[in-house]
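Below is one structure; the comments refer to it alone.
The values are calculated or read from the model by the stated rules, or taken from the named source; none is laboratory data. Because the structure is a prediction, the values reported are computed rather than measured. When we count neighbours, we look across all protein chains shown, and the Cβ atoms used for this are built from the backbone with ideal geometry, even at glycine. Only protein heavy atoms, including side chains, enter the accessible area calculation; ligands, DNA and RNA are left aside. Shrake-Rupley method; radii C 1.70, N 1.55, O 1.52, S 1.80 Å.
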Amino acid sequence: MNVAIVKYNAGNIYSVINALRRLGIEPLLTDNAEQLRTADRVLFPGQGEARGAMEYLKARRLDEVIRSLRQPVLGICVGQQLLCKHSEEGNVDCIGIFDAEVKRFHPKRHEDKVPCMGWNRLTDVKSPLFVKDTYVYFVHSYYVPLCADTVATADYILPYSAALQKENFYACQFHPEKSGTVGEQIIKNFLEL
């Protein structure tokens, strides 16, 4: 299977590469449009800042390439946020697959720390890609509010979209590559779509 990972100057790429290697897949890390278009699966992971990431993507017209993909695509963490239409982080327009605006967490109590870091439970799961009522690992200061494309929910300060799906685009705010056997199963499910 030909699996491509979008290269766009984001962090956390190598933990995703290692997770795929544990499953017997040697992925291609690329910002080449043709390699992304011809891959069987495309992963769009990352940690980083939305404005800088979108500037890199737009400079190489990768935002247009990603919008045009017809094979299964999985956005992870910042990858999920960049697949939305706008982010408060850097006040930037994003790729626009999901009709949602990324918001910053605003603590309501002293116990509410931002960024949200740690294990949280997936609830209201409506996609066979994700595993119901399991715990997965999150690290994020921004979130996607609940919307029409929400297929799994998590709760931190308020309920938000832990995962999204629209047509061939799947996305998760959490890090499956850092979520143990549950995360490995989610990546496997994605490869088997």
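Suppose we keep only residues that are without any contact (Cβ under 8 Å) to a residue 40 or more places away in the chain and touching a strand residue (DSSP E or B) at 6+ places or on another chain (Cβ under 9 Å) within the stretch 96-113. Which one would you say is most open to solvent (accessible area, probe 1.4 Å)?
Arg104
List every residue pair whose Cβ atoms lie under 6 Å apart, where the two residues are 6 or more positions apart in sequence or sit on different chains, the first residue falls within the stretch 26-45 and is in a loop (DSSP other than H, G, I, E, B), and the second residue, located anywhere, is small (Gly, Ala, Ser).
Ala39/Ala4; Pro45/Gly79
Of everything in the stretch 73-93, what is surrounded by 24 or more Cβ atoms within 10 Å (Cβ to Cβ) and not in a strand (DSSP E or B)? Give them in sequence order.
Answer for the stretch 73-93, where residues must be surrounded by 24 or more Cβ atoms within 10 Å (Cβ to Cβ) and not in a strand (DSSP E or B): Cys77, Val78, Gly79, Gln80, Gln81, Leu82, Leu83.
Any residue at all in the stretch 51-69 that's in contact (Cβ under 8 Å) with a residue 60 or more places away in the chain, outside any strand (DSSP E or B) and in contact with an Asp or Glu (Cβ under 9 Å, 6 or more places away or on another chain)? If you could, list the steps in order and put the result at the bottom.
First, the residues of the stretch 51-69 that are in contact (Cβ under 8 Å) with a residue 60 or more places away in the chain: 66, 69.
Pick out the ones that are also outside any strand (DSSP E or B) and you get 66, 69.
Going one step further and asking which of them are in contact with an Asp or Glu (Cβ under 9 Å, 6 or more places away or on another chain), we end up with none.
No; the residues of the stretch 51-69 include none that is in contact (Cβ under 8 Å) with a residue 60 or more places away in the chain, outside any strand (DSSP E or B) and in contact with an Asp or Glu (Cβ under 9 Å, 6 or more places away or on another chain).
What strands (runs of 3 or more DSSP E), lying completely within the stretch 144-188, carry at least 1 residues that are open to solvent by less than 10 Å² (accessible area, probe 1.4 Å) and either of a type in the set (Lys, Arg) or touching a residue at least 40 places away in the same chain (Cβ under 8 Å) (or both)?
In the stretch 144-188, 158-166, 169-172 are the strands (runs of 3 or more DSSP E) which contain 1 or more residues that are open to solvent by less than 10 Å² (accessible area, probe 1.4 Å) and either of a type in the set (Lys, Arg) or touching a residue at least 40 places away in the same chain (Cβ under 8 Å) (or both).
Based on this model, can you work out whether Phe138 counts as closer than 15 Å to Gln80 by Cα, of a type outside the set (Val, Ile, Thr) and either in a loop (DSSP other than H, G, I, E, B) or in contact with a Ser or Thr (Cβ under 7 Å, 6 or more places away or on another chain) (or both)?
no
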